[in-house]
Amino acid sequence: MSEENNIPKVYDPVAVEKKWYEYWEKNGCFHVEADPSKKPFCIVMPPPNITGKLHMGHALDNTLQDILIRWHRMMGDNTLWMPGYDHAGLATQIKVEEEIKKNEGLTRYDLGREEFLKRVWQWKEQYGERIFTQLKSLGVSCDWDRKRFTLDEGCSKAVREVFVSLYEKGLIYKGTRIINWCVHCNTALSDVEVEHKDDTGHLWYIKYPLAGEKDQYLTIATTRPETIPGDTAVAVNPKDERYGKLVGKKILLPGTDREIPIIADDYVDLQFGTGAVKITPAHDPNDYEMGIRHHLENINVIGLDGKMTKESGKYVGQDRYECRKNIIADLDAAGLLVKIEDCPHAVGHCQRCGNVVEPLISTQWFVKMGPLVKAAVDCVENGQTQFVPPRFTKTYTNWMANIHDWCISRQIWWGHRIPVWYCDDCGAVVASRTDIDKCPKCGGHVHQDEDALDTWFSSALWPFSTLGWPENTDLLKQFYPTSVLVTGYDIIFFWVARMLVMGEEFMKKVPFEKVFIHGLVRDEQGRKMSKSLGNGIDPLEVVNKYGADTLRFMLITGNTPGNDMRFYWSRIESTRNFANKIWNASRFALMNLDGYDAKAKRAPYTLADKWILSRLQHTTKDVTDLLGRFELGEAGRVIYEFIWGEICDWYIELIKPRLYNKDNAEERATAQYVLCEVLGSAMKLLHPYMPFITEEIWQHLPHEGKSIMLAQWPEYKESLVNADVEAGMTAIMETIKAIRNMRAEVNAAPGHKAPAILLVSDALKNVMEENKGYIQLLGTVDNLTIDKLSAAKPKNAMTAVVSGVEVYLPLKGLIDVEKETARLQKEIDDMHKEIKRSEGKLNNKGFLAKAPAEVVAKEQAKEDEYKKKLVALQERQAYLQTL
RNA sequence: GGAACUAUAGCUCAGAUGGUUAGAGUACCACGUUGACAUCGUGGGGGUCACUGGUUCGAGUCCAGUUAGUUCCACCA
């Protein structure tokens, strides 16, 4: 940009963005060391999966973080953004398995554990960094030198420590109980990994014969007939008069020769179905609980592969749904099928593969949540950790109040292997070391538990494991608790809750002070972006076409915290236009900085200078306050409005004469100085949102330091706030707009200058006189006459009335009396309406008595203003009639 | 069955703690290429703030209810 004549008119983000990211990295702008003398600010990045491909959710999430980080860095805080990625056990394993299957036709069992894991590590080395490359193109300013991985040595050590510690406290246990099993992924799942979706199921009514009674039946209703062979009771409600006599009797279970009891239990709903329900403790969580209450037998009829077991008798080997059909057919043939009703009901699906989850009894490892939740809930309720927006607090506490034990073992290989070794002779051993090779008690042979931990187990430790725990590192001391966690509302349960639990248990402190929750990015129709719908928009496509700055600004503005937003290309374009506008404003500045010397003698500030400096102070204050309240969208809007609506639309226009006039060096220097000052500050305010273009411009403006990202955040200077100046400028701008408006009404040739007469209040007289040049310049006025309001009204002129100013435009021969009358009439009507409203208030005794004095005074001033305006308009209209 | 969110201009959305003639972007209409920018400029039209009550001197903003839509949680087979 040094060669002014060659600056392109259109901003080209692609080259610029690449250049600056490399520059920042090379200059170590992202790196930080713990500095206890400074205020810490730390965010740990929600680790993307190594299988991840950047999507809009990442783009939003990381832009929000980057804005907070860049802002705090400029504020001078000791600012750390800790990046990392997640091994994503099940997701990655499935992905690599698929690849091996495709390329070699082998399964992981064919390869064996060791070889398979080698392959996954290879895959990770090859593709794992892809997501980071993509994140970099967004401009994220995290400290890449500190990048962590959930399976790296430190994080793995933390996992083992936590596991062993919880085990020793009795908070991790191994148990045999009903769990969620994915027959496709072939592993146990936790409750949160099961997604309940409404299925259009059926309710089958089936006659169960009473044992030892001829032709007597109890009709039950079930949505899962295939579990009939696993029934070990039929239950009715003890209050149910229909069935009271039957309790204690026996049923001959159809298709078997087993007799099962009829039991009474409060759980049974009298209204649903027939009021009698078959109980299959091995395949339904409720039935399981009831089984415990009534000491029922558990019979597993569906195996881990989703096929019927030999316990199911003749159905053995059949797929569970095939079996369902066959059982219905058999019951129908036996005359036991009474009827079939439609019955929409929720069915659990595997979050990962979408298959229907089978509840079944299995031996797994669990975290006992009961003793852990209290601290994690208390710290939120007493405000040590605050959700932003606060409504998510309730989501969190409600969920925590109903939490079940967390099943943490997975029948997968990719992940943290459970640090438990079993002695062949003397029972279990648990150790936080990895090198157990013989039983420490008896020296006998040991073997390690085959299972791996839930991926979220290591994620739960992320805020402290990444900072070095279990070592008490400088980083941990300085940055824990972290400042903000930024994440979507969809993973509060998976992640946020568990981090709070683990943070409280192991650090005895919250993991983060704020949880900043955002919504989802949806498509133009408001649908979730998803692979299956094919409606996802690739952030990189946007970056390559429009630049990361544009994508970032678009994602952040135009919505409020916690709410979903829609992705619109038209919004991308309008943001791109904003970038271009900034570009051109800066181009203008640079084209007019020739000969600029910051130390040269300058003329005093003009009204426009004082005005824009005053506006800058308000903007600085508002933006800073809004950022502090996490109102990032609103802050962005304020900056946008300042740059486009005030710097570009007004200030630049007003200083053009001074910049063009090289004869008056001092005046020119002042304009140059203020322009640089204001533009530079605006770039700083905008930098967290649009890091690249602001850097590019800042580097070309006179500056100190090596990067805008290390520059000091603009300071609010109250001494530069000037209400009188703003009032004067406002009157001038209103006057200019009124003149433009009237000229447009009569289609005056845009370039054609015309005279104007202003009658102004005493308060404004001086400022208008002194700055009549502004009005002439932007109002296209040649002869400007300024007089007092009491002066004689000019005849044969168009009129407008603004605050304290009557504007007369003698547009000879251009006035269309009829049109002008109508225009005035509309304004007169508006004024009548406003005066009525105002009078209503001012005549209200309650208002006068109870409203604050300043509100009353303000209303009174408004009414006076309206009335003056009305009189002027009416006079003018009366005059028109005489023409 | 609980709970949350949303309802403001044709469209997408802002409008903290109640007092603005209810705003922006986009779309639309008119005029315009004057030496930053047509990815632009100037001007304009367009909203009884979902509905009904209530609190208040005053409600888009607070409360209750209604309607519509979205989402989350939940062991009614």
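The values are calculated or read from the model by the stated rules, or taken from the named source; none is laboratory data. Remember, predicted model here, so these are calculated numbers, not experimental data. In this analysis, Cβ positions are derived from the backbone assuming ideal geometry, glycine residues included, and neighbour counts consider all displayed protein chains. Accessible surface is based on the protein model in full, side chains and every heavy atom, while ligands, DNA and RNA are left aside. Shrake-Rupley method; radii C 1.70, N 1.55, O 1.52, S 1.80 Å.
A few comments on the model shown:
- Of all residues making up segment A:152-179, the number that are surrounded by fewer than 22 Cβ atoms within 10 Å (Cβ to Cβ) and under 30 Å from the mean Cα position of the chain (by Cα): 3
- The lone criterion from (1) over 20 Å from A:M690 (Cβ atoms); (2) open to solvent by less than 70 Å² (accessible area, probe 1.4 Å) left unmet by A:E524 is number (2).
- Note on segment A:801-822: residues that are modelled with pLDDT under 80, charged (D, E, K, R) and buried (at least 19 other Cβ atoms within 10 Å of the Cβ) total 1.
- Residue, farthest from RNA strand B (Cβ to nearest atom), within segment A:186-210, restricted to residues that are among the acidic types (D, E) and out of contact with any strand residue (DSSP E or B) (no Cβ under 6 Å at 6 or more places or on another chain): A:E193
- All conditions in (1) open to solvent by less than 30 Å² (accessible area, probe 1.4 Å); (2) away from RNA strand B (no atom under 14 Å from the Cβ); (3) without any contact (Cβ under 8 Å) to a residue 40 or more places away in the chain hold for A:E213, with the sole exception of (1).
- Qualifying residues in segment A:345-391 (those that are of a type in the set (D, E) and not in a strand (DSSP E or B)) - the one nearest to RNA strand B (Cβ to nearest atom): A:E381
- Residues of segment A:642-666 that turn out to be of a type in the set (D, E) and at pLDDT 95 or above, as a count: 3
- Selection within segment A:570-593 - more than 16 Å from A:S681 (Cα to Cα), crowded, with 20+ Cβ neighbours inside 10 Å and aromatic (F, W, Y): A:F578
- Per the conditions (1) away from RNA strand B (no atom under 12 Å from the Cβ); (2) open to solvent by 60 Å² or more (accessible area, probe 1.4 Å), the sole criterion not satisfied by A:Y879 is (2).
- Of all residues making up segment A:549-569, the number that are of a type in the set (K, R) and either near RNA strand B (Cβ under 6 Å from one of its atoms) or surrounded by fewer than 18 Cβ atoms within 10 Å (Cβ to Cβ) (or both): 1
- Out of A:T51, A:T107, sole residue that is hydroxyl-bearing (S, T, Y) and touching a residue at least 12 places away in the same chain (Cβ under 8 Å): A:T51
- Residue match in segment A:737-755 (condition: under 42 Å from the mean Cα position of the chain (by Cα), among the charged types (D, E, K, R) and within 16 Å of RNA strand B (Cβ to nearest atom)): yes
Table: residues versus (1) more than 24 Å from A:D622 (Cα to Cα); (2) more than 16 Å from RNA strand B (Cβ to nearest atom); (3) open to solvent by 60 Å² or more (accessible area, probe 1.4 Å).
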site: A:G645; (1), (2), (3): no, no, no
site: A:W650; (1), (2), (3): no, no, no
site: A:K656; (1), (2), (3): yes, no, no
site: A:S681; (1), (2), (3): no, yes, no
site: A:F692; (1), (2), (3): no, no, no
site: A:E695; (1), (2), (3): no, yes, no
site: A:P702; (1), (2), (3): yes, yes, yes
site: A:I708; (1), (2), (3): no, yes, no
site: A:L720; (1), (2), (3): no, yes, no
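- The number of residues in segment A:116-151 being closer than 27 Å to A:C185 by Cα, loosely packed, with under 13 Cβ neighbours inside 10 Å and among the charged types (D, E, K, R) comes to 2.
- Only listed residue being touching a Lys or Arg at 6+ places or on another chain (Cβ under 7 Å) and surrounded by 24 or more Cβ atoms within 10 Å (Cβ to Cβ), chosen from A:T107, A:T63: A:T63
Yes/no matrix, rows are residues, columns are (1) within 17 Å of the chain's Cα centre (by Cα); (2) part of a loop (DSSP other than H, G, I, E, B); (3) more than 10 Å from RNA strand B (Cβ to nearest atom):
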position: A:Q478; (1), (2), (3): no, no, yes
position: A:F493; (1), (2), (3): yes, no, no
position: A:V496; (1), (2), (3): yes, no, yes
position: A:K509; (1), (2), (3): no, yes, yes
position: A:V515; (1), (2), (3): yes, no, yes
position: A:N535; (1), (2), (3): no, yes, yes
position: A:K581; (1), (2), (3): no, no, no
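- Residue match in segment A:111-132 (condition: of a type in the set (A, V, I, L, M) and free of Cβ contacts under 8 Å to residues at least 12 places away in the same chain): yes
- Selection from segment A:750-800 of residues that are in contact with a Phe, Trp or Tyr (Cβ under 6 Å, 6 or more places away or on another chain) and either part of a loop (DSSP other than H, G, I, E, B) or open to solvent by 20 Å² or more (accessible area, probe 1.4 Å) (or both): A:I757, A:P794, A:A797
- Extreme residue, farthest from A:S532 (Cα to Cα), among residues of segment A:315-344 that are part of a helix (DSSP H, G or I) and free of Cβ contacts under 8 Å to residues at least 12 places away in the same chain: A:A333
- Options A:E863, A:E854, A:E834: the member that is in a helix (DSSP H, G or I), more than 8 Å from RNA strand B (Cβ to nearest atom) and surrounded by 12 or more Cβ atoms within 10 Å (Cβ to Cβ): A:E863
- Filtered by the rule that a residue be hydrophobic (A, V, I, L, M, F, W, C) and within 7 Å of RNA strand B (Cβ to nearest atom), segment A:627-643 gives no residues.
- Which numbered condition A:H404 fails, given (1) open to solvent by less than 40 Å² (accessible area, probe 1.4 Å); (2) under 29 Å from the mean Cα position of the chain (by Cα): (1)
- Count of segment A:594-619 residues, restricted to those that are open to solvent by less than 50 Å² (accessible area, probe 1.4 Å) and over 27 Å from A:W644 (Cβ atoms), is 2.
- Hey, A:R410 more than 25 Å from A:L189 (Cα to Cα), among the charged types (D, E, K, R) and touching a helix residue (DSSP H, G or I) at 6+ places or on another chain (Cβ under 9 Å) or not: no
- Among the residues making up segment A:327-346, those that are crowded, with 16+ Cβ neighbours inside 10 Å and under 50 Å from the mean Cα position of the chain (by Cα) are A:I327, A:I328, A:C343.
- Filtered residue count, segment A:352-371, keeping only those that are buried (at least 17 other Cβ atoms within 10 Å of the Cβ) and farther than 23 Å from A:E450 by Cα: 2
- Among the residues here, A:G255 does not qualify as in a loop (DSSP other than H, G, I, E, B), within 12 Å of RNA strand B (Cβ to nearest atom) and touching a residue at least 12 places away in the same chain (Cβ under 8 Å).
- Scanning segment A:263-309 for residues that are among the acidic types (D, E), open to solvent by 70 Å² or more (accessible area, probe 1.4 Å) and assigned to a loop (DSSP other than H, G, I, E, B), we see that the one that is farthest from A:G244 (Cα to Cα) is A:D305.
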